[in-house]
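Working notes for the structure below.
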Amino acid sequence: MTDFDHTAIDELLQSRVRLAIVAFLASAGRADFSVVRDSIKTTDGNASVHLRKLEDADYVMAQKRFVNRKPQTVYALTDRGRQALVDYVAHLESLMSPPKPKGRAT
């Protein structure tokens, strides 16, 4: 029997925007704010709010620097964030029933 306990699902990753950020950073490695924002197709405000929540939870880390005298923030997934994504996907997969074997044609 599959455990359908909704409390086992990571609430932080239930947000589509936060899930998109974590998934994007899992594949991209590191990316500056504008690349993250453009890749997940959201606004500056929406991206910054969700990135802050992920940073507060230690799912992403931010490195602030200046490039040509302009501030730039580069984000990367932390080990904790990567593990949270792996666990989230594994839990969702566990909720799906295994495929039923197909009978042979007679």
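Of the heavy-atom accessible surface of the chain (probe 1.4 angstrom), what whole percent is carbon and sulfur? With neighbouring chains kept in place, the figure for the chain is 53 percent.
For the chain, the solvent-accessible area with a 1.4 angstrom probe is 72 square angstrom per residue.
Here the gap between Glu93 and Asp10, fully extended at 0.36 nm per residue and compared with their Cα-Cα distance, gives a gain of 28.5 nm. Each residue of region 8-24 was assigned a 3J(HN,Hα) from its phi angle through the Karplus expression (A = 6.51, B = -1.76, C = 1.60, θ = phi - 60°), giving 7, 7, 5, 4, 5, 8, 6, 6, 4, 5, 5, 5, 5, 4, 5, 5, 4 Hz with x at Gly and Pro. Residue-wise HN-Hα couplings along region 38-51, as the Karplus relation 6.51 cos²θ - 1.76 cosθ + 1.60 with θ = phi - 60° gives them from phi, are 5, 5, 9, 6, 9, 8, 4, x, 5, 4, 5, 5, 6, 5 Hz; Gly and Pro carry x.
Labels on offer are (i) 0.98; (ii) 1.06; (iii) 1.38, and the one holding Cα Rg over 2.2 N^0.38 Å computed from this structure is (iii). Once the dipole of the chain is set up with Lys and Arg at +1 and Asp and Glu at -1 on Cβ about the Cα centre, which of Ala8, Ala20, Val67 lies farthest towards its positive end? Toward the positive end, the furthest listed residue is Val67.
Relative to the Cα centre, the charge distribution of the chain, modelled as +1 at Lys and Arg Cβ and -1 at Asp and Glu Cβ, gives a dipole magnitude of about 540 debye.
From the backbone phi of region 55-70, what are the Karplus-calculated ³J(HN,Hα) couplings (6.51 cos²θ - 1.76 cosθ + 1.60, θ = phi - 60°) in whole Hz, Gly and Pro given as x? Along region 55-70, the couplings run 5, 4, 8, 6, 8, 10, 10, 10, 10, 9, 8, 10, 10, 6, 6, 10 Hz. Going by amide H atoms built from the backbone, whose H comes under 5 Å of the H on Ile9, apart from near neighbours? The list, which skips near neighbours in sequence, is empty: none. Ordering of 5-14, 50-59 by packing is 50-59, 5-14, highest average first (other Cβ atoms within 10 Å, averaged per residue). Modelled this way, with points 7 Å down the Cα-to-C-beta line, the labels at Ala57 and Gln83 are 1.5 nm from one another. Close amide H pairs (under 5 Å, H built 1.01 Å from N) link Thr78 with Val60, Met61, residues at least 5 positions away or on another chain.
The values are calculated or read from the model by the stated rules, or taken from the named source; none is laboratory data. Bear in mind the structure is a predicted one, so any value in this text is a computation, not a measurement. In this analysis, Cβ positions are derived from the backbone assuming ideal geometry, glycine residues included, and neighbour counts consider all displayed protein chains. Calculation scope for accessible area: heavy atoms of the full protein, side chains included, ligands and nucleic acids excluded. Shrake-Rupley method; radii C 1.70, N 1.55, O 1.52, S 1.80 Å.
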